[in-house]
Amino acid sequence: MNAIGFFLGRFAWQLGVRRERARWNAVTRETQQLAEAQDLLGKLAWPATESIERLSGDYWQLTDLQTQQQQLRAQSDQLTTENETAQDRLYAIEDQVENDVDVLRKGKAELMSKAVGLMDEVEDIKDRDSETRRRFTSLKGKLEVLKKQIEGDFSAEIERTRLSLAELKEGHAGDLAAIASLEESVQRLELTVEGIDAEISGLRERHKAQTADLVLEIGRRSKQIAEISARLGVFESQKNEFSFQIGQYLSSQIDNPDPAVRKVLSRFGPLVGRIRYLKRSIQYNQRLARRASR
């Protein structure tokens with residue numbers, strides 16, 4: 001509110017338009033705006049306040065806090081860079097291990113597929129041998145019956161039957177040998193698969209041991225970064241307190257003829273004008289609110 005607004009408000013009061021609550025609300029709102037403007041003035045102006053005797057102590061404390069902040073930020077940036085490098089190394093190791101494990105798993109899958117194929121062959125041979133043994137039993141029974149025949153000459157049939165039994169016996173022996181050979185191959189494949197599983201476990205353990213120190217380093221640096229962040233927050237709060245006090249002081253010295261003060265304030269003309277306006281507006285609204293409450 002400017003002077004014209006104040007006179008119009010006072011005239012309205014004389015006509016019975018009081019608006020007390022609206023005036024106090026305006027005072028509250030503008031007081032908050034004034035505090036924000038003072039805070040901004042302090043943040044912007046403090047680097048130029050060394051020559052103002054009243055503010056030189058605050059200036060040097062703020063300078064020290066800023067220097068410490070810069071050092072801490074540099075330390076935090078260095079730790080962050082080191083952590084990023086360590087993370088890249090960790091990811092590279094993990095990727096290599098996973099690639100090696102994938103290769104082993106593919107080899108294992110191929111061996112298991114081959115073992116399944118051999119077991120299928122074994123089952124086929126067993127089915128064939130089962131039929132061979134059934135035929136052998138049947139022909140053996142036939143031979144016994146033929147030998148008992150008194151009438152008739154069955155010598156030729158007996159010989160053919162004996163030859164067939166010999167062939168079946170030979171086939172059965174061949175099947176047993178084939179089954180034993182295939183099962184032995186399957187066992188060798190199973191042992192190889194077990195070896196691959198052991199190799200994968202070994203890779204995992206070596207990776208764990210290889211990256212343990214790296215993980216500890218990353219955790220330690222992360223903790224340091226968090227501690228630095230907390231300290232930076234404390235320093236920032238302290239800086240805000242000092243800069244707000246500087247802003248309040250400069251706000252109270254808007255009409256001070258001190259050349260050092262005038263030099264600083266002249267650099268922030270629009271903001272100083274805003275503060276001047278808010279102070280007057282608050283005074284006008286307070287006067288109208290008090291008048292309305294009578």
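Throughout, read-outs are computed from the coordinates displayed, never taken from laboratory work. Since the structure is predicted, the reported quantities are computational estimates derived from the model, not experimental observations. Here Cβ is always computed from backbone atoms with ideal geometry, including for glycine, and neighbour counts include all displayed protein chains.
Just a few scattered comments:
- The magnitude of the dipole of the stretch 183-240, with charges of +1 and -1 set on the Cβ of Lys/Arg and Asp/Glu and taken from the Cα centre, is near 840 debye.
- Each Lys and Arg adds +1 at its Cβ and each Asp and Glu adds -1 at its Cβ; summed about the Cα centre, the stretch 53-257 shows a dipole of about 640 debye.
- The P(r) of the stretch 166-294 has a tail past 22 Å containing 75 percent of all C-alpha pairs.
- Net charge of Cβ neighbours under 11 Å - reference Glu167; Lys, Arg +1; Asp, Glu -1: +3
- Partner lysines for Lys147 [C-alpha distance under 29 Å; skip if fewer than 8 residues away on the same chain]: Lys169
- Euclidean distance between Cα centres, the stretch 28-76 to the stretch 168-215, Å: 73 Å
- Look at Thr161, Thr63 and count the other Cβ atoms within 10 Å of each Cβ; fewest to most, that gives Thr63, Thr161.
- Percentage relative contact order, the stretch 53-257, counting C-alpha pairs under 8 Å, at least six apart: 44 percent
- When the charge dipole of the stretch 202-243 is built from unit charges on Cβ atoms (+1 for Lys and Arg, -1 for Asp and Glu) and taken about the Cα centre, the candidate among Phe242, Gly219, Gly202 whose Cα reaches farthest toward its positive end is Gly202.
- Here is what passes the span test in the chain: the DSSP H helices with alpha carbon length of 30 Å or more along the helix axis and a Kyte-Doolittle mean of -0.5 or above are 155-252.
- Cα-Cα P(r), the stretch 53-257, percent of pairs per 5 Å interval: 1, 6, 8, 7, 6, 6, 6, 5, 5, 5, 5, 4, 4, 4, 4, 3, 3, 3, 3, 2, 2, 2, 2, 1, 1, 1, 1, 0, 0, 0, 0
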